1. Identify the single condition in (1) closer than 16 Å to Leu29 by Cβ; (2) touching a strand residue (DSSP E or B) at 6+ places or on another chain (Cβ under 6 Å) that Leu60 does not satisfy, given that it satisfies every other one.
2. May I ask you to list pairs of residues, at least six apart or on different chains, whose Cβ atoms are under 6 Å apart, with the first in the range 269-286 being touching a residue at least 12 places away in the same chain (Cβ under 8 Å) and surrounded by fewer than 21 Cβ atoms within 10 Å (Cβ to Cβ) and the second being of a type in the set (D, E, K, R) and not in a helix (DSSP H, G or I)?
3. List the residue pairs whose Cβ atoms are under 7 Å apart, where the first residue sits in the range 115-136 and is of a type outside the set (A, V, I, L, M, F, W, C), the second is outside any helix (DSSP H, G or I) and open to solvent by less than 10 Å² (accessible area, probe 1.4 Å), and the two are 6 or more positions apart or on different chains.
4. As an exercise: evaluate Glu321 against (1) assigned to a loop (DSSP other than H, G, I, E, B); (2) surrounded by 20 or more Cβ atoms within 10 Å (Cβ to Cβ) and give the number of the one condition it does not meet.
5. Considering only residues of the range 338-354 that are over 14 Å from Gly320 (Cβ atoms) and at pLDDT 70 or above, which is surrounded by the most Cβ atoms within 10 Å (Cβ to Cβ)?
6. Counting only residues that are surrounded by fewer than 16 Cβ atoms within 10 Å (Cβ to Cβ) and hydrophobic (A, V, I, L, M, F, W, C), how many does the range 90-108 have?
7. Give the number of residues within the range 85-133 that are at positive phi and under 36 Å from the mean Cα position of the chain (by Cα).
Amino acid sequence: MPKRERVMRMSVELPLWRALTAYRVLTMLYAVGLFVTTYDAYDRPGIAIAYFAVLCVWTLATLPRVQNATACTKRFLTADLLVALTGILLTPLVVSDQHIQESGPTLPSIWTAGSVLAFAIKGGWRWAAFASTPVAVANLIERGHPARDTVHNVILVWVASIAIGYVVEVARASERTLARALEIEAATRERERLARDIHDSVLQVLAMVQRRGAVIGGEAAELGRMAGEQEVALRTLVSRGLVPVSRVSRDTAEGAVVLAVDEGDEEDGPVDLRTLLAPFAAARVNLAEPGAPVLLDPAAARELAAAVGAALDNVREHAGERARAWILVEDEPDAVIVTVRDDGPGIAAGRLAQAEGEGRLGVAQSIRGRLRDLGGGAELVSTPGQGTEVELTVPKQQVKRGKAGTG
């Protein structure tokens with residue numbers, strides 16, 4: 001069946017880039033307007049005119065650079081900040097002393113804030129703090145001394161840019177979470193649709209084969225039994241299977257873009273043990289598990305599932321094909337416990353030690369050895385005539401290790 005692809009674009013960041021684009025143009029016009037209205041305050045207007053010519057060309061030519069995070073490169077940000085700093089430091093050379101004493105605006109005026117805001121939107125609050133520092137220093141140098149209004153403006157730019165940078169970081173995290181939630185919802189609906197299709201076709205056929213085989217008898221009965229086991233296993237997978245993992249693009253230029261829904265193996269993160277144990281459920285194997293995910297490190301989850309499989313193999317080999325088994329999964333505060341119990345004839349006293357001495361290491365290695373390597377253990381209790389119970393324990397530190405690996 002071809003994979004369905006659904007594209008959804010969600011970005012709270014793009015409006016910020018559009019606002020920054022408009023801000024740069026408007027503040028450029030504002031700075032030029034201030035120069036025209038206060039022309040008499042300039043001792044060297046020629047230098048100011050040359051700077052404003054550069055500022056206008058630079059602002060208009062670099063508008064595509066402030067359309068999104070991808071286009072806004074580090075090299076552009078550095079050059080943009082240098083244009084602003086140059087204008088601030090040139091101000092004392094072109095204006096009168098009275099202009100400075102009256103706290104008149106610098107050449108770029110509030111256009112400078114656009115450079116700092118670009119840093120904030122691109123890299124968050126840390127980049128904003130980095131860009132605000134040289135602007136603060138340049139303003140203090142331009143004024144000549146830390147006047148009250150200058151310090152006030154410096155702190156205002158600092159706080160505002162850092163706050164905007166922090167908001168951008170929070171927005172990006174929320175955006176990723178929203179994209180993930182929407183894809184999980186879409187994947188769940190797709191799984192429900194598949195479950196309906198399977199129920200209407202495959203499961204009904206398997207159930208019919210099971211019933212007819214029991215009626216006919218002989219080899220047909222065995223075929224019916226196998227069909228019944230496959231029906232239970234398939235029904236378990238449909239109802240408890242993994243929710244497919246969403247794939248979210250990292251193209252910040254387009255926001256969070258969900259490309260497709262596909263199943264994958266998240267080797268870098270914890271694994272839900274329930275998904276590894278679900279295939280063991282069958283007509284004669286009952287699986288009881290918590291409603292919430294039972295998370296373990298991938299390696300630990302696989303080893304624990306393999307130990308459960310080994311225990312079930314022992315049930316089939318020693319208790320017979322008609323023996324029933326029960327798997328109970330418990331997610332305790334300090335450990336994950338899986339119990340495998342059967343209704344077979346049990347194990348005679350001393351039989352395990354004898355088997356190990358004969359070189360049969362199924363319990364010793366496939367079960368106890370695996371759990372020992374995980375820092376856990378396996379307890380086996382068997383009473384002749386009353387079945388066998390194997391309790392497998394993995395310490396909770398395996399869960400913590402798995403979560404740590406997700407960073």
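1. Condition not satisfied by Leu60: (2).
2. Correct list of pairs: Arg284/Arg324.
3. Lys122/Ala69; Lys122/Cys72
4. Answer for Glu321: the failing condition is (2).
5. First, pick out the residues of the range 338-354 that are over 14 Å from Gly320 (Cβ atoms): 338-341, 348-354.
From the residues that got through so far, the ones that are at pLDDT 70 or above too are 338-341.
Details: Val338: 24, Thr339: 19, Val340: 26, Arg341: 19.
Applying the filter and picking the extreme gives Val340.
6. The total comes to 1.
7. In the first step, residues of the range 85-133 are kept if they are at positive phi; the result is 103, 109, 124.
The next check asks that each one be under 36 Å from the mean Cα position of the chain (by Cα); those that pass are 124.
Residues meeting the conditions: 1.
To keep it simple, each residue is scored yes or no on (1) in a helix (DSSP H, G or I); (2) open to solvent by 30 Å² or more (accessible area, probe 1.4 Å); (3) among the aliphatic types (A, V, I, L, M).
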position	(1), (2), (3)
Trp17	yes, no, no
Thr21	yes, no, no
Arg24	yes, no, no
Met28	yes, no, yes
Ala31	yes, no, yes
Val36	yes, yes, yes
Ile47	yes, yes, yes
Tyr51	yes, no, no
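The values are calculated or read from the model by the stated rules, or taken from the named source; none is laboratory data. Since the model is a prediction, treat every value here as computed from it, not as a measurement. Every residue, glycine among them, receives a Cβ derived from its backbone with ideal geometry; neighbour counts consider all protein chains shown. The accessibility values were calculated without ligands, DNA or RNA, using every heavy atom of the protein model including side chains. Shrake-Rupley method; radii C 1.70, N 1.55, O 1.52, S 1.80 Å.
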